[in-house]
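The next block holds one structure in the form of structure tokens; read it before the comments.
The values are calculated or read from the model by the stated rules, or taken from the named source; none is laboratory data. Since this is a predicted model, take the numbers as computed values, not measurements. As a convention, Cβ positions derive from the backbone with ideal geometry for all residues, glycine included, and neighbour counts pool all protein chains shown. Keep in mind that these areas ignore ligands, DNA and RNA; they rest on the heavy atoms of the full protein, side chains included. Shrake-Rupley method; radii C 1.70, N 1.55, O 1.52, S 1.80 Å.
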Amino acid sequence: MTVFCGIDWAENHHDVALVDDAGQLLAKRRITDDASGYQLLLDLLAEHGDTADEPISVAIETGRGLLVAVLNNGTRPIYAINPLAAARYRDRHSVSRKKSDPGDALVLANILRTDRHAHRRLHTDSDLAQAIAVLARAQQDAVWARQQLVNQVRSLLREYFPAALDAFLGKQFGLARPEARAVLAAAPTPARASKLTTPQLRAALKRAGRTRGIDAEADRLRTIFRGNYAHHSQAVEDAMGHQLLALIRQLDAACLAATDLGTAVEEHFHRHPDAEILLSFPGLGVQLAARVLAEIGDDRTRFADARALKAYAGSAPITRASGKKRYVGRRFIKNDRLITAGFLWAFSALRASSGADAHYRGRRERGDWHAQAQRHLFNRMIGQLYHCLQTGQLFDEQHAFTSSAADLAVAA
């Protein structure tokens, strides 16, 4: 008798249901979200025949967390079912739209019983790949948080301190630069900034770590801060200055977090055996390559072929056809982190690879918008990455882009 397990995940407890291959409910249980609850689940599975040689397949609506880590220890097949898909299966059992946690656990178990072949097993990446995934995603989140704070600072400065925008926005990294944050922390209002002397500005630049061109930069900032600008009343400026200082403190922490996580990502990524292959691709640096590895993993059996990886990444188009109507467009269900990294990868590859540039320009000549052409290029290159990872080869420009420009333009 084959047994299938479904687990309805919640924050404080989980509902478990076991069914046999005929759909008969064998057991149901509610467990707590702690070590004793996890042990109770393992005992329940063992009671119904779960062994290392013949493990019971488990369906759950999440692919991460301590519960999944406990279940994934060994050869047990784990299927992370999309909650949207599970909701559609619920209608197969009842059209009354009733819902309960034990009922959802039963639905998940029956998904494996009837349609296990249509769902992908949870990948079994190495510990190093999982660690890289944690760090790369955290670093990406830190970068997004940093940019959000930079936008808030910029918006605030536009309200009362335009001289600061003139001073720093033209520089690389703009308001996120260490010297920009140091100067704004020393003089958060136009009145205080206009009173800064050249030695004070030099000291602020040195505190920020600048070592070259300090005198010229201090003179430039002094000239800008003493320029002619419109002003609020002093009380309003002081209030906005307090708000700016609070944002600068948050921005300092976000910049530090992004830097520290970036260093950790680099240390871990270079230890991975796939690092050399990923870095051989044009447009992929350490941080971007780590983000790609974090999302695709190093389990070679995770994707059946390159088409499956392209669909997962959201780079492959999707067709919707009904009767005489047929529409080909972009995918909305995809790995958002991977497609974000893919757009950055495709854009960076334009200057590093003549073949990538020819592919992109060919798509634009055929009428694609910039984003469409980038997605086509990413679709091609991630297919090449799949091949290189499967065969252990480094990227080769001559073999990757051997077609003419016209052929590149129509390649998907």
Exercise for the section: Scan (1) surrounded by 14 or more Cβ atoms within 10 Å (Cβ to Cβ); (2) more than 27 Å from the chain's Cα centre (by Cα); (3) in a helix (DSSP H, G or I) for the single condition L67 breaks and write down its number. Expected result: (2)
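Within segment 140-220, which helices (runs of 4 or more DSSP H) (wholly inside it) include 1 or more residues that are acidic (D, E) and not assigned by the TED database to the domain that holds L338?
Where helices (runs of 4 or more DSSP H) fall fully within segment 140-220 and carry at least 1 residues being acidic (D, E) and not assigned by the TED database to the domain that holds L338, they are 162-168, 178-186.
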Exercise for the section: Evaluate segment 189-205: report whether one residue or more is in contact (Cβ under 8 Å) with a residue 12 or more places away in the chain, under 30 Å from R291 (Cβ atoms) and more than 28 Å from the chain's Cα centre (by Cα). Expected result: no
Practice task
Would you point out the residue of segment 264-321, among those that are over 23 Å from T124 (Cβ atoms) and modelled with pLDDT under 90, that is surrounded by the most Cβ atoms within 10 Å (Cβ to Cβ)?
Solution key: A316
Exercise for the section: Would you check if R331 is in contact with a strand residue (DSSP E or B) (Cβ under 8 Å, 6 or more places away or on another chain), of a type in the set (K, R), open to solvent by 80 Å² or more (accessible area, probe 1.4 Å) and not in a helix (DSSP H, G or I)? Expected result: no
Practice task
Could you please give the count of residues in segment 8-29 that are open to solvent by less than 80 Å² (accessible area, probe 1.4 Å), part of a strand (DSSP E or B) and over 11 Å from L44 (Cβ atoms)?
Solution key: 7
Exercise for the section: Taking only segment 351-379 into account, find how many residues are open to solvent by less than 70 Å² (accessible area, probe 1.4 Å) and under 21 Å from D396 (Cβ atoms). Expected result: 13
Handout entry: The lone exception for A308 - which of (1) among the aliphatic types (A, V, I, L, M); (2) in contact with a Gly (Cβ under 9 Å, 6 or more places away or on another chain); (3) in a helix (DSSP H, G or I) it fails
Key = (2)
